[in-house]
Amino acid sequence: MTSPPGGAATRRRRPVAVPVAALVAAAGLGITAALGGLDEAPDDPPRRLGPGAVLDQGEFTTRFVESRATTRPGRYGGPDKRYLEIVFQVTNKGDETTGVGAPGQGGKPGYFFAGSLLRMTPEIRSDFGPDVFVQADGVPGKQLHPGMESTVVVRYELPEGRRPPGQVRLDVGTFEHPEGFTQEIGWLLAKDDDGPPVVAAQVTLPVRRKAAG
Amino acid sequence: MARSAPGRWRRLGGLLTGAVLATAAVAAQSFAFSRDDYSGPLTWTGGLGETVTASRISVRAEGVHAARAIEAGTSPGTSSGTGQRATTKGIFLVVDLAATSTRVPQRIAPPVLLTESGRRYAATDKVNGDLTITGPFIQWGWWVRKAAVFEVPPAELAGARIVVHPQEGNGGLIEPSAPEVEIDLGLDEAAAARLVSTAKDVHTLAGKP
């Protein structure tokens, strides 16, 4: 090989730009990682809401009206039964009739509207969960029709001897409508990846005492 | 030089053919069935008063009424009790239906009201299903006359169509391309407004289930 004229001078110019750039990039990444810059940004904390607040749940617009304790005379002359009722104004924003559904219980997920009531504090356990219905003059229903506002009542029967709590706190989720690949999936509770449903709001409702329903 | 010219032309021709084939393949996709085409029901359509015959059922919509409340005549043995009244924040749309089967006895699934805006309203659950078209068996040889009752906002009435389909296979089979009948209720803006303004206070669903 014949070196061109001035070959010695060219050999001294080493290719430093690329290694230096790589070093700087690696250092930058390292510092960012060390300072926690690559950690996943924390989710927005759940909104804290009170009576009368309105939450956009995707499929529904929901107003948290109130929570109340009611008493009804027992059937067949038995002792009075006490209930804890939570009242919502729900407008179905979707394109199809859906149902009031039921909240999850004992690890079993809920479904439809009440499925978004992820947790209630304090918890009230019963064998079949609360009664959920659309309140109207006359016959109650279980449907939420598109574009219509309905008064939804979630009614827990209090175990005998248990006093109604002073207030309840609801962890409420939202719905999203993922695009199905081969078929319509419909509305699903919004989740983080495969984790549990995201709590979008924590609603605290003082429990109002009421004589009869 | 003399031999390179035809080679170049041949290559150009090959490229062009390839491009044309690729374009044709992409264009052919527009003829492919959409999701609704191959999984949706087979729909027979008609207007108010017409007899629409789908593969298994014939359905006729004979009349349309609106009401602010629905009362069930007598509905013994149901949880809703006797003579209970159902109310709504919207309006009740009552469609008088007549139905018969073309072959086997079968029942009608809760009908759906399809509105101009593309919304689907399921028949209301506030009235006893035995008093509506979903109650009786539909048999060959005679027409069963019952109503379908919907709860809708009054603004959704114009352009609404009712969709009636038989209950799915008795053996729990999922039936591809199930038949359905879609009837345009003939409600233009004026007719819908007239229907709402002349809505009865109470509509009583006929007699025994």
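The values are calculated or read from the model by the stated rules, or taken from the named source; none is laboratory data. Not measured: the values here are computed from a predicted model. As a convention, Cβ positions derive from the backbone with ideal geometry for all residues, glycine included, and neighbour counts pool all protein chains shown.
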Restricted to region B:129-143 and to residues being under 19 Å from the mean Cα position of the chain (by Cα) and among the polar types (S, T, N, Q), the residue nearest to B:Val164 (Cα to Cα) is B:Thr134
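Could you tell me how many of the residues in region A:166-185 are part of a loop (DSSP other than H, G, I, E, B) and surrounded by 14 or more Cβ atoms within 10 Å (Cβ to Cβ)? Working first, answer last.
Filtering region A:166-185 down to residues part of a loop (DSSP other than H, G, I, E, B) leaves A:166, A:173-174, A:177-185.
Checking which are surrounded by 14 or more Cβ atoms within 10 Å (Cβ to Cβ) leaves us with A:173-174, A:177.
Residues meeting the conditions: 3.
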For region A:188-200, state whether one or more residues are more than 19 Å from the chain's Cα centre (by Cα) and within 30 Å of B:Ala123 (Cβ to Cβ). no
Kindly check whether there is at least one residue in region B:91-107 that is closer than 27 Å to A:Gly141 by Cβ, at pLDDT 90 or above and not in a strand (DSSP E or B). yes
Number of the exception - A:Glu149 against (1) under 20 Å from the mean Cα position of the chain (by Cα); (2) within 9 Å of chain B (Cβ to nearest Cβ); (3) of a type in the set (D, E, K, R): (1)
Of the conditions (1) within 13 Å of chain B (Cβ to nearest Cβ); (2) at pLDDT 90 or above, A:Ala200 satisfies every one except a single condition; which number is it? (1)
Mind listing whichever residues of region A:70-100 are surrounded by 18 or more Cβ atoms within 10 Å (Cβ to Cβ) and under 14 Å from A:Pro130 (Cβ atoms)? A:Thr70, A:Arg82, A:Tyr83, A:Leu84, A:Glu85, A:Ile86, A:Val87, A:Phe88, A:Val100
Any residue that is more than 30 Å from B:Ile70 (Cβ to Cβ) and buried (at least 16 other Cβ atoms within 10 Å of the Cβ) - is there at least one of those in region A:130-152? no
Residues being within 10 Å of another protein chain (Cβ to nearest Cβ), of a type in the set (Gly, Ala, Ser) and under 15 Å from B:Val95 (Cα atoms) - total across region B:108-143: 2
Residue under evaluation A:Phe88, criteria (1) within 23 Å of A:Asp192 (Cβ to Cβ); (2) in contact (Cβ under 8 Å) with a residue 40 or more places away in the chain; (3) aromatic (Phe, Trp, Tyr), criterion not met: (1)
For region B:4-16, state whether one or more residues are farther than 25 Å from A:His145 by Cβ, part of a loop (DSSP other than H, G, I, E, B) and modelled with pLDDT under 90. no
Evaluate region B:93-104: report whether one residue or more is touching a Pro at 6+ places or on another chain (Cβ under 7 Å), more than 9 Å from chain A (Cβ to nearest Cβ) and surrounded by 22 or more Cβ atoms within 10 Å (Cβ to Cβ). no
Kindly indicate whether B:Ile70 is in a strand (DSSP E or B) and at pLDDT below 95. yes
